[in-house]
Amino acid sequence: MNREADRMTAGGSALGRRKLFTLAAAGALAGLAGCGTGSLPPRTFRWLAIPTESVQSPTKARAEYAQRVLSGYQRTSGWRVVPQITVTDIDQAMAKLLLQASQHRAPEVAAVDSYLFPRFARYANDLSKPMAEAGVRLGDWFPQFHPVMASTGQPRSLMFETDVRVLFCRKDLVDRPPASWDELLHAGRKAAAHGKQVLFAGARSEDSVDAVLWPFYWSQGGQLLTADGKPGFAHGKGRQAMVDALAFIRELITEEAAPQRVATIQSNDDINPDVVADRVSMFIGGSWQASQLQELVTDGDFAKDWTIGPIPSRSGQDHTCMAGGWTWASFAEDPEVAQESIRLLLDGYVADEGMARWCTVSGNLPPRSPVYRNSAYHGDAFTELYREHLARYARMRPLRKEYQQVSQAMQIALSSVTSLSAEPEAAVDAALAQIV
């Protein structure tokens, strides 16, 4: 979510997250991002959201939804909400918010990137009571999200959206979604002979490692971090699994199943234009892309022409994928403010109907299993498969501060391999040398 932000403009053009953040923030951030960390009037609290999920979202439906939630809450509660928007760089935004939380200056309720939330947990309020009052149980969330929300033992954040990465396959070019690396390579070469190639994000970016490298590595039994926070691929089987994952990605390119220009693809969304231009047989991407492409593809029907499968693994079994998403957290110090401010988010984004409506509007997946049965939730043609992948294959990035350094080093390693400027073993060794 991950996420995990909006990927479309109101006019329907596919854009990457950073581009959208820039668009959303251009007119609003100067006045809102630094707004009010001092005392607030009575019955007032601040609500911090990322640009694409705020009242200033460049996607009309999202902005209208946020405004309806805000207006309805203020009308019925008698409380005033001051909406705020993060800065465009999410890493920077989260670092600023963590500093504010540690200094007791954070907005009363705020969006926190899910895999980063355990760093915020000590400063956030226990949400057990408001969750119970709203009839929301921690057990309703898919199990992989429990450590995100309740790393201290009590639920301290509310995950309100998620997504999964999958393999999209064009039915007329691929008989069935390939399960193994060998099957992916074989099907990719066959389709490439007809000018249709395999695409994935292979540049230096978080999207690239999330969608491709981590699943290829995880499916071999590798772990990114050991119990003491060290890289799990520093030596032995872990190192070989990472080398082999990079080697297979390189083979997709050298065998011309995938074009070398994957080394320039930073975002999953950047694949969409090639799909629309009929140049793709398969691509590894995010669940949100199907609804985008259903609107963008004019010569055909994406939902009928394409299918999905799990991201191929080396063996054809033990599939994995990455799930992202965002959480809401409460940092209010006054008990009454804490109770009232979290009710805004429970009603609008987390309880059954609120989450159903929000995920329908946003195109993200509900992280709570019961919501899929709610009549207000409307997914797409692949929603049931996405739900199965969430239940069977999806996992979160390591919930430790050491992850970011590992990710940044391996982003460089991946891009050096996809650009064919480094061999897999050398790329892994260079990454390990960067990790303190």
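Any read-out appearing in this document is the output of simple, stated calculations on the displayed coordinates, not a laboratory observation. Just so you know, these numbers come straight off a predicted model, no measurement behind them. Here the Cβ positions follow ideal geometry from the backbone for every residue, glycine too, while neighbour counts run over all protein chains shown.
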Label segment 207-331 by shape, choosing from rounded, prolate and oblate, from the square roots a ≥ b ≥ c of the eigenvalues of the Cα gyration tensor; if a/c is under 1.5 it is rounded, and otherwise prolate applies when a/b is larger than b/c, oblate when it is not. oblate
Residue (of VAL361, PRO51, THR383) at the positive-pole extreme of the chain, dipole from beta-carbon charges: PRO51
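For the chain, give the share of DSSP beta bridges that are antiparallel, in percent and rounded to the nearest 5; count only bridges with both residues there.
On the way: 25 of 39 bridges.
The antiparallel proportion sits near 65 percent.
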Long-range HN-HN contacts of SER151 with modeled amide H, under 5 Å: ARG156
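Can you list, largest first and rounded to whole Å, the semi-axes you get for the chain by taking the square root of 5 times each eigenvalue of its Cα gyration tensor?
Working: eigenvalues 268, 116, 74 Å².
For the chain, the ellipsoid semi-axes come out as 37, 24, 19 Å.
Step through the table entries LYS196/LYS230; LYS196/LYS304; LYS196/LYS237, compare each Cα-Cα distance with 29 Å, and write down the pairs that go over it. Numbers along the way, then the final one.
Values: LYS196/LYS230 40 Å; LYS196/LYS304 18 Å; LYS196/LYS237 35 Å.
In this structure, LYS196/LYS230; LYS196/LYS237 lie more than 29 Å apart at Cα.
Please go through segment 342-433 and write out the trypsin sites (Lys or Arg not before Pro) that DSSP classes as loop and that have at most 12 other C-beta atoms within 10 Å.
Values: sites: ARG343, ARG357, ARG368, ARG373, ARG387, ARG392, ARG395, ARG400, LYS401; in loops: ARG400, LYS401.
Passing sites in segment 342-433 are LYS401.
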If I stretch the segment between ARG392 and ARG43 completely, what's the gain in nm (0.36 nm per residue apart, minus their alpha carbon distance), one decimal? 121.2 nm
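Using the Kirkwood formula over every pair of different C-alpha atoms, what hydrodynamic radius in Å results for segment 43-168?
On the way: mean 1/r = 0.0626 Å⁻¹.
For segment 43-168, the Kirkwood estimate is 16.0 Å.
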If each part is reduced to its alpha-carbon centroid, segment 310-336 and segment 383-421 end up apart, in Å, by 11
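For SER102 and THR152, compute 0.36 nm times the residue count separating them, minus their Cα-Cα distance, and round to one decimal in nm. Walk me through the numbers on the way to the answer.
Numbers: separation 50, 0.36 × 50 = 18.00 nm, distance 1.64 nm.
Going from the current span to full extension adds 16.4 nm.
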Mean projected area (nm²) from the convex hull of Cα positions in segment 279-319 is 3.6
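Mind pulling up the Rg/Rh value for segment 305-364? Radius of gyration and Kirkwood radius, both on Cα. If you can, show how the numbers build up before the last one.
On the way: Rg = 18.3 Å, Rh = 14.9 Å.
My calculation of the ratio gives 1.22.
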When the convex hull of its Cα atoms is projected in every direction, mean area for segment 224-293 (nm²): 6.4
Expected sort for VAL136, VAL112 with the fewest Cβ neighbours (10 Å cutoff) up front is VAL136, VAL112
Can you tell me the Rg and Dmax of segment 87-230, counting just the alpha carbons, in angstroms? 20.4, 60
HN-Hα J in Hz across segment 97-111 - Karplus 6.51, -1.76, 1.60, θ = phi - 60°, x for Gly and Pro: 5, 4, 4, 4, 5, 5, 9, 6, 10, 5, x, 4, 9, 8, 7
For segment 377-436, report the convex hull volume of the alpha-carbon atoms normalised per residue, in Å³, without decimals. 142
Express in whole angstrom the spacing between the alpha-carbon centres of segment 56-91 and segment 245-265. 42
Semi-axes of the equivalent ellipsoid for segment 323-436, please: Cα gyration tensor eigenvalues, times 5, square-rooted, ordered largest first, whole Å. 38, 22, 10
Over segment 253-337, what is the relative contact order in percent, taking alpha-carbon pairs closer than 8 angstrom and at least six residues apart? 15
Taking a straight Cα-to-Cα line shorter than 16 Å from LYS60, and setting aside same-chain aspartates and glutamates fewer than 8 residues away, one finds ASP6, GLU295
Helical contribution to [θ] at 222 nm, DSSP H n ≥ 4, -39,500 (n - 2.57), averaged over the chain, rounded to 500: -11500 deg cm²/dmol
